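Read through the structure below, which is laid out as structure tokens, and then see the notes.
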Amino acid sequence: MLHAAHILCLGSSTSAAGTQAAQLARCTGATLHVMPLPFGRAAAGPTGSDPGSGAEAAVPAHVVETQPRSVTAVLQYVGDADIDLVVADTPLDRGPVPPLATDLTRALTRRLDRPVFIVERQDDPDAIQRLLVPTDLSVPALRAFRHAVALARLYDAAIDVLHVIESVPYVALTPTDRLSLGATTLSERRGRRRLRAFLQEGEAAGVQVQPHIMRGAAADQISRFANQGDVDLMVLSAHGSDAEEGPLGPVGTRVLGRVTRPLFLVRASGPSLLGPPDDAA
């Protein structure tokens, strides 16, 4: 189950982000904050002036009167208002684009210490049926998986869990290469055992989980799986420590520069949308 007290929608309250933010606020009992942006459409009133959407009518809402003049001002508001989750749109007029397509979304994914949900404006917010969770099977990745399980229960969706094993080409025949191939096989066996634990945890929550193991470059395989499959939302853990790439790490940065799917980003530490018993490793 998801837990939140304050959810911030960046942009129009009648956009896909507004609808998703309102749905999440409704299921968690959170207060919905709507922040109109200079480059977005005008926000509706706190009770939702569009009778077709009615997104905010069923949840407490606070419309931020002053438009932020910079990304820094947005981040400052997130901290001051103790926001638990930030929901933002990708550009309306550019078709399907990567989650890091704008300065705002890049700043949100790199600088915020709490979950971020980046949605496609042209997508149907109610059409989330399959979630993709790329995982390195670490403890931080397990935290992201547990967020995915909670989201899957909310949307009545299934989860694909993808683990990529970095492998060397089979043409390599030296003793060192043969040892590398053996290690890859061992890694695959270990990966399958740990993925079974993910599967069992999902099934215990009533969620269908399909595990996948692929070989190759992690960023390439994840991007290909996300863009070619029936993936409606990717749930990704940000736990890198690369000085240049930030918390996304080099693999996460490359993936988010290539995929054109909505993104739910979970930090390895800091605020969580999981209750204390569920957030334990």
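Kindly evaluate Glu56 against the criterion of being within 29 Å of Phe145 (Cα to Cα), assigned to a loop (DSSP other than H, G, I, E, B) and either modelled with pLDDT of 80 or more or not polar (S, T, N, Q) (or both).
yes
If you take the residues in the range 209-239 that are in contact with a Ser or Thr (Cβ under 7 Å, 6 or more places away or on another chain) and over 30 Å from Gly270 (Cα atoms), which one is surrounded by the fewest Cβ atoms within 10 Å (Cβ to Cβ)?
Ranking the candidates gives Gly216 first.
Does Leu85 fit the bill of being of a type outside the set (Lys, Arg) and either modelled with pLDDT under 90 or in the same structural domain as Arg254 (by TED's automatic domain parsing) (or both)?
Criteria not met by Leu85.
In the list Ser70, Ser15, Ser49, which residue meets the criterion of being modelled with pLDDT under 85, of a type in the set (Gly, Ala, Ser) and closer than 23 Å to Ala127 by Cβ?
Ser15
The values are calculated or read from the model by the stated rules, or taken from the named source; none is laboratory data. Please read all numbers here as calculations on a predicted model, not as lab measurements. Quick reminder, even Gly has a Cβ in these numbers, built from the backbone with ideal geometry, and neighbours come from all protein chains shown.
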